[in-house]
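To keep things clear, I will list the structure first and then write my remarks on it.
The values are calculated or read from the model by the stated rules, or taken from the named source; none is laboratory data. Keep in mind it's a predicted model, so treat the numbers as computed, not measured. Virtual Cβ from ideal backbone geometry, glycine too; neighbours counted across all protein chains shown.
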Amino acid sequence: MLRAILPVTASLLAACASAAPAFPASTSAELVGTSCGSPGRPCRCVESGETLGEVPAGKKRFEVRLPQISESDTGVSLAGVGDVVRPSGEQGDRCFYIDLEAGRTYAVTVHGRAARRERGLSLGYTIREYNPRGPGFYTIIDQVCGDATAACPIDDPSGWTSDYQSGRGRWDPCSSTRVEGYTAQGGFYDRHPTDAQISFALKVYEFEPRRLPGAEGCPR
C-alpha cells in the first residue's frame, strides 16, 4: 500500500500535464540554510526546534527529504529551481533545503528508479514547509511505498493515483502551501514497479501561516 499524506484538488495544472522529464543526473538546485555545506551535496537533516537561518523577503523555505528505503534511486525535479537526487546505496535520510518564491506555483516531478529491476522499486519522499517562528515544519506531501525488504506492491500506475486520492491523513492545513493535481506513471517488470514518475504542482501562497505546525482548527 502506498501511504499518501497530502491534500486533494480537482484538476491538474497544465504545467504538470506534460511528459515527465528524464531522471536527473545530479543535484543542481541551489541549496540554502545553515545545515547546508558544499554545493550539490545533501544538507544535514534538521528536526523541529532547529533554525535554518534567515529566509529572504518574498520567499519561503522548504525541505525535500529522501529517506533510505531500498536499492532505488530517487530524485525530485522542480521547474525553474533544479533537481535534487539521492542515488541508491547511500545510508540514512538525505535532506535538501530550497527557497521558493511566495505567490508562485511550481511543477514538480518525483522520480523513482529500481537499481535492480528484478527486485522492484521502493519509493519515499517528503516535502515540508519551514516555519521560522516555531521553528518547525508543515508537512505538505509525504509518500512511502515499499521498504528495504519488499518492493512497492502496486502493480498498475493507476494504483498510485487512487492511493493518493484516499490518503488525506497528515497534510498540515495550517501551512501556506498546497499540492494541486496529481498523476503517476511507471514501468513494470514481473508485476513489480521498476520506475515511477509522480507529477503535481506545488502552490506557494503569499500569506504567512498564522498558526504553528500541527495546531488544531486550521481550515482545510
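Conditions (1) over 20 Å from R178 (Cα atoms); (2) hydroxyl-bearing (S, T, Y); (3) in contact (Cβ under 8 Å) with a residue 12 or more places away in the chain, marked per residue:
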site	(1), (2), (3)
G89	yes, no, yes
C95	yes, no, yes
T109	no, yes, yes
S122	yes, yes, yes
Y130	no, yes, yes
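Within the option set T139, T161, T194, being at pLDDT 80 or above, touching a strand residue (DSSP E or B) at 6+ places or on another chain (Cβ under 7 Å) and farther than 27 Å from C45 by Cβ holds for one residue only, T194. Output the strands (runs of 3 or more DSSP E) that fall wholly within region 24-98 and possess 3 or more residues being in contact with a Cys (Cβ under 8 Å, 6 or more places away or on another chain), or say none. Hits in region 24-98: 59-66. Checking G124, G146 one by one, the residue that is buried (at least 22 other Cβ atoms within 10 Å of the Cβ), out of contact with any helix residue (DSSP H, G or I) (no Cβ under 8 Å at 6 or more places or on another chain) and modelled with pLDDT under 85 is G146 and no other. Among the criteria (1) of a type outside the set (V, I, T); (2) closer than 21 Å to G214 by Cα; (3) surrounded by 19 or more Cβ atoms within 10 Å (Cβ to Cβ), the one G134 does not fulfil is (3). Of all residues in region 54-71, those that are closer than 20 Å to T27 by Cβ and among the aliphatic types (A, V, I, L, M) total 3.
Any residue at all in region 123-142 that's within 17 Å of the chain's Cα centre (by Cα), farther than 18 Å from S28 by Cα and of a type in the set (K, R)? Among the residues of region 123-142, at least one is within 17 Å of the chain's Cα centre (by Cα), farther than 18 Å from S28 by Cα and of a type in the set (K, R), which makes the answer yes. Is there a residue in region 201-209 that is in contact with a helix residue (DSSP H, G or I) (Cβ under 7 Å, 6 or more places away or on another chain), closer than 30 Å to R133 by Cβ and modelled with pLDDT of 85 or more? Among the residues of region 201-209, at least one is in contact with a helix residue (DSSP H, G or I) (Cβ under 7 Å, 6 or more places away or on another chain), closer than 30 Å to R133 by Cβ and modelled with pLDDT of 85 or more, which makes the answer yes.
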